[in-house]
Amino acid sequence: MAKVRVKEELVYPGSFACPGCGLMMAFRHVLRVLGRNTAVVTTAGCGSVVAGSYPQTISKVPFFHCSFGTAASTAAGLKAGYDMMGKRSINVLAWAGDGGTFDIGLQSLSGAAERNEDIIYVCYDNEAYMNTGVQRSSGTPMGAWTTTTPRESLEDRPKKKMAAIMAAHEIPYIATASVSYPEDLDRKIRKAKGIKGFRFIHIIVPCPTGWLYPASETVRLGREAVLSRIFPLFEIMAGKKYRLSPMGAKTPVREYLVSQGRFKGLSEKDISLIQEKVDEYWSELEELAARSRESHS
Amino acid sequence: MIEIKLSGRGGQGAVLASQILGSAFFKIGNWVQSFPSFGAERRGAPVSAFLRVDTKEITLRYGVKHPEWLVLFDPGLVKNKMVMDGVRSDTSIIVNSTEPAGKGRFGLEQRLFIVDATSIAEGLNLRTTSFSIVNTAMVGAFAKASGLIDLDSVSAAIGELVPVKKEENIAAAKEAYGKVKEVSL
Amino acid sequence: MKQLMTGNEAAALAAKMAKPQVVAAYPITPQTSIAEKLASYVARGELASRYIKVESETSALAACMGGSLAGARVFTATSSQGLALMHELLHWASGARLPVIIVDVNRSMAAPWSLGVDHNDSLSQRDTGCIQIYCETAQEALDNVLIAFKLAEKVLLPTMVCLDGFYLSHYSEPVDIPEQADVDRFLPRRKAKYRMDPNDPFTFGGGVSPQVLFGLRKRIQSDMDSALDCFRQICTQFFRYFKRRYRAVESFEIKGKDIALVTNGTLSGTVRAFVEQNGKEKGVGLVKMRLFRPFPKGEFKKAIKGLKKLVVIDRNLSPGSGGIFSQEIRSAIYGIEAALPIVSVIGGLGGVDVSIEDLDRLVDRIREGGDLQDETIWMEA
């Protein structure tokens, strides 16, 4: 196990997060690596709710609550303002959930990525609109229960492949990460910090409230998501060069699914269908990574 | 106040012509207001541009209803309803036509001037792939026919506003100034 | 020095002279030449600014808000549907107290498609907490943009300068260009009191209690009220530098007249020409509204002293109610000693021409018509 240097904590204790919230873990890690010279823009979502109510805040760095669909463009403007005022060293972090990224913020995200704005965009993905009470988003996985995909009509579409969409923008850096792999997450944020241009980090953040599991299981589920390759860890450089991150031997999806109440309604057939889809995506990724290795060796 | 309407086809430079005239009138101490007809731009479609000239500030904010001068870059526009809208018996009209002066009046009963701006432009190699650039010649013809503006001011305005072939465009205005003819009734 | 330029060119030149560090814009007719002009200023190095060519008007305003949070001076321009798309963020910008400058080139709202002017786009933003200034001429477009920057940054509210599409945006006319050195003195660099600074970190815009929200809204109202005084002071300063005097409400030849035509935007120019030509004979003068938000109630009441009737011509329509200026004016003068009859007129929607002849007929009809208080007169084409 690598040695972990404890860096300055930039999040105050006492957030409004639910017990076992994966998003708070992710936010702490991200800010610790980015450091004090950072400004955060966040959209509506759990990220803005957990940040606390006036006169309290969890953030020790400047933090702006922007409108739901505009994390990327607000952050781009902030960065442009800093640059023009000679404050080029400030890291600008756009912090948005799956709704603010996959759905309502996709247009502004695509615009900012295509222009290669010099910001770090982190999507904390808890796979539904959680703070409004668990409604499906286009980040909700197939087979999941939410209040808008009730038991009688579970989510029947696959989760939108955000990394592939971002790769099509040929931005310098894309990474997926999990709060259960903190060293990998730290490394990716550190790497992103050192790159100029648009950087997109997609973190899976398990949510006991919406995924229906005991709060103590967050880290285990964040790991199962990766081990099963439901949420594989990888990087994409310049939109083309794929690299798989170390994540341990691949396991069947069953363990991940049966650990969560939101997947309770799945039949054996459903589980094998999900396994098939996961295997298909995983071999695609392996192929892309292998091709990248060949063309760059 | 004088109100002038310049009509051509999209791409012929009617809007620039109104700006050149506007600038020329402004140079000699007038207040001017120039503006295009409103709408989306389309190559080849009739386009009008307008100019108001006065010795004091013009505060009107609506289209020219009854132009005193109508400058037509294409004789075919005589039949265009939109172009001829508001033209009255006291409107003076200048038409670009290859017909020699005196041969026909396009059915017009107004005071009429004719200039072969197309040949002038062609002679000076003023053309795009699809059009002869007749706007500067038409401006020169207007200066002479109306007697409202001197050729030097027009030439100076062309020099400032026309992006390419400044000399040739000034020459076109001069040549048209010399060649425009009134057609008797 | 006077130069011929369109209203759009004048607004773009003023924006350039104000030296915003961040510009973000999305093209829409008839605003486009502003977006193009600023792009060319930045490309040629005449304006040291980051021009963000955003993918929508929402992002244009969001990017401006971001720049403003960094402490930068910011500018955007739009029109019609684009402004409507910014609507959510206008509330956000005023609530966050960000002095974003927006030029709106007024154009009818779809459907159906129209390129012509009316003021429904900007007036629909009435309750967002955005200051609204209307322009009559290209000179005013230039001057009002300079004034707007100073006003917005003083009262910390977004400020919109409205230019009538085509009648102002595309009419080319003489404009007196100020010296850059004078503009720099009139409008020094922005010194943002509140900004996102890692050395002095604050959280902006997070959840608040109902009581705090209530207090902040009250604060916007009192700052809007103070914006009237600020506007007056800034106009006095502006006069000192540039010798042009502006007021929130301006009257023209109303002495000895019993009727005033009340207008905003370029319609004021046509009414001005009408009053010059026929005002004496017809007994009419002009009252022009430069400011719409904050609504200059006090100055309006002063301006109409001695008049017997107001004819408010609205180039807008609030369906189900009528002309928006006429409602606002009714409310502003309600309860004054000698209540003035107000005739509400809707004219020029979608860019329909309103000519001197139209105004002449309108005044004749009002003179003959008796009590028209409960009707709306439609100046149809």
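Remarks
- In straight-distance terms, cross-link reach from A:LYS159 covers every one of the lysines whose alpha-carbon lies under 17 Å from its own, apart from those fewer than eight places away in the same chain; here that gives A:LYS277.
- Cα pair distances in the protein assembly as shown, grouped into 10 Å bins until the bin that holds the longest one, percent each: 2, 12, 18, 19, 16, 13, 10, 6, 2, 0, 0
- Cβ-Cβ distance of B:SER89 and C:THR236, R₀ of 41 Å, FRET efficiency by 1/(1 + (r/R0)^6): the value works out to about 0.20.
- Euclidean distance between Cα centres, the range A:56-101 to the range A:205-261, Å: 27
- When both bridge partners sit in the range A:22-296, DSSP labels roughly 25% of those beta bridges antiparallel.
- In order along the range C:104-114, the phi-based Karplus estimate (6.51 cos²θ - 1.76 cosθ + 1.60, θ = phi - 60°) of 3J(HN,Hα) comes to 10, 8, 4, 8, 4, 8, 6, 8, x, 4, 8 Hz; Gly and Pro are listed as x.
- Test item: Cα-centred dipole of the range A:123-276, Lys/Arg +1 and Asp/Glu -1 on Cβ, debye: 620
- Of all lysines in the structure, those lying under 29 Å Cα to Cα from C:LYS305, and not within fewer than 8 positions of it along the same chain, are C:LYS243, C:LYS255, C:LYS257, C:LYS280, C:LYS282, C:LYS288, C:LYS297.
- Projected label points at C:PHE202 and A:ILE195, each 7 Å from Cα along the beta carbon direction, are separated by 3.5 nanometres.
- Of the residues C:VAL208, C:MET17, C:LEU156, the one whose Cα sits farthest towards the positive end of the charge dipole of the range C:2-242 is C:VAL208 (charges of +1 on Lys and Arg Cβ, -1 on Asp and Glu Cβ, taken about the Cα centre).
- Lys/Arg +1, Asp/Glu -1 at C-beta; chain B dipole; positive extreme among B:GLY140, B:GLY178, B:THR91: B:THR91
- Test item: C:167-180 mean partner chain Cβ contacts at 10 Å: 4
- The range B:2-183: C-alpha gyration tensor shape, a/c 1.5 cut-off, then a/b vs b/c: rounded
- Gyration tensor (alpha-carbon) shape descriptor, the range A:22-296, a/c threshold 1.5: oblate
- Counting lysine pairs in the range B:2-183 that sit 8 or more residues apart in sequence, or on different chains, and whose Cα atoms lie under 12 Å apart gives 5.
- Listed residues A:MET25, A:LEU227, A:ALA163: farthest to the positive end of the dipole of chain A (Cβ charges): A:MET25
Every read-out reported here was derived from the displayed coordinates using simple, explicitly stated rules and does not represent laboratory data. Because the structure is predicted, anything quoted here is derived from the model rather than measured. Using ideal geometry, Cβ is built from the backbone for each residue, glycine included, and neighbour counts are taken over all protein chains shown.
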